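Remarks on the structure that follows.
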Amino acid sequence: MTERDAAVAVETVFRIESGRIIAAVTRIVRDVGIAEELAQDAVVAALEQWPRSGVPDNPGAWLTATAKHRAIDLVRRREVYARKLAEVGRSLEDVPAPEPVEPDDIDDDLLRLIFTACHPVLATEARIALTLRLLGGLTTPEIARAFLVSEATVAQRIVRAKRALAGARVPFEVPYGADRAERLSSVLEVVYLVFNEGYSATAGDDLLRPQLCEDALRLARVLAGLMPGEPEVHGLAALLEFQASRTAARTGPDGRPVLLAEQNRARWDGLLIRRGFDALGRAGTGPYSVQAAIAACHAKARRYQDTDWATIAALYERLLVLTPSPVVALNRAVAVSMARGPAAGLELVDALAAEPALRGYHLLPSVRGDLLDRLGRAAEARAEFERAAELTRNERERELLRERAAATGDGPA
């Protein structure tokens, strides 16, 4: 195996397994910053050893075991140091003892990690950025694109967040009572964003990152079990169940994206759809519950042309009141275009053109191109698809957008 092949393998495995690795190590060292450093040490060890030995049969377990061994060594060194200090009348406070880590506890560790990273000692933006980094394995540029802010801003948030958690000695735990409720909204937002990154990757060669979707969906289910009386937890769980049900139909055999209108709905997962409706029955009227209701409208439609776009447009109206956002407004414009025609949708899209948050957002010209194409304004549509292709960082989306531009024939401007 070449060093390049090993590097690709290590990067791929770490992006999938990073949340589990960091969670398992944090349980030992009780510091997310140190845990991330030890996880990176394991990556360095893999880069050194895998070119000679080959990729292990279970590379994720190899990285986890290596990081945990280094964590235990670190704790033991601290304990030795503490004993030596005690001999001269001093002590090293709060030295955590290594705990046995059982494989069956990994879901709990992930949940502990996300609640730790969402501690109120951190600002909301810092909580989300840190958890996306630790749990989702996202890079700083990927998080910056998700937030529509600069990479430097995200990097500062992450560094300061880790320092703040260490300085406040935040316990590695799932809190109870009022503390849990206080952190819940941030936790739900993080789970939602992690799922979205898996469902439609901001960058890279693949449209989907299934492991992120699975981690987010599992966490949503665990949260629903922990907090059965919280309607928005069930709303988020329902939303993710519905969205995950379409995963197999969203890409073709070659990994290319398949648009919603062209998806084979027989490939939608019926079990996940039923789970979605079960969770929706316990949901409330908050933003995740409304989004779940929108997803349920798609799930009910046996064919694309049977979709109840009028109801979806009305639900987006409600969502726009609950969470005013240019992205929600753009989604509403799409629904309106399907319910009332492309001209009505285009009017709403054009009103969003000056929104600073949508500058550089590839879906704005993509939606506009689709509406122009439906109106027969082919030359303008082609230009919008080409612009969208330039803006996206995902190679699969770029290919699709370029194909749509090429397929849009010459027509009136």
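Taking the Cα centre of segment 1-62 as reference, the dipole from Cβ charges on Lys and Arg (+1) and Asp and Glu (-1) amounts to some 180 debye. Accessible surface computed residue by residue for the chain, with neighbouring protein chains in place and a 1.4 Å probe, gives 47 Å² per residue. Once both labels are positioned 7 Å from their Cα atoms along Cα-to-Cβ, the gap between VAL80 and THR285 label points is 6.4 nm. Note on segment 274-398: with neighbouring protein chains present and a 1.4 Å probe, carbon and sulfur make up 49 percent of its accessible heavy-atom surface. When all protein chains stay in place and ligands, DNA and RNA are ignored, the 1.4 Å accessible-area order of ILE16, ILE294, largest first, is ILE16, ILE294. By the compact-protein rule of thumb, 2.2 N^0.38 Å, the alpha-carbon radius of gyration of the chain corresponds to a ratio of 1.08. Extension gain, ALA351-ARG163: 0.36 nm per intervening residue step, less the Cα-Cα distance, totals 63.5 nm. In plain terms, the chain from GLN305 to ALA266 could stretch by 12.5 nm, reckoned as 0.36 nm per residue minus the Cα-Cα distance.
The values are calculated or read from the model by the stated rules, or taken from the named source; none is laboratory data. Remember, predicted model here, so these are calculated numbers, not experimental data. In this analysis, Cβ positions are derived from the backbone assuming ideal geometry, glycine residues included, and neighbour counts consider all displayed protein chains. The area values use the complete protein model at the heavy-atom level, side chains included, leaving out ligands, DNA and RNA. Shrake-Rupley method; radii C 1.70, N 1.55, O 1.52, S 1.80 Å.
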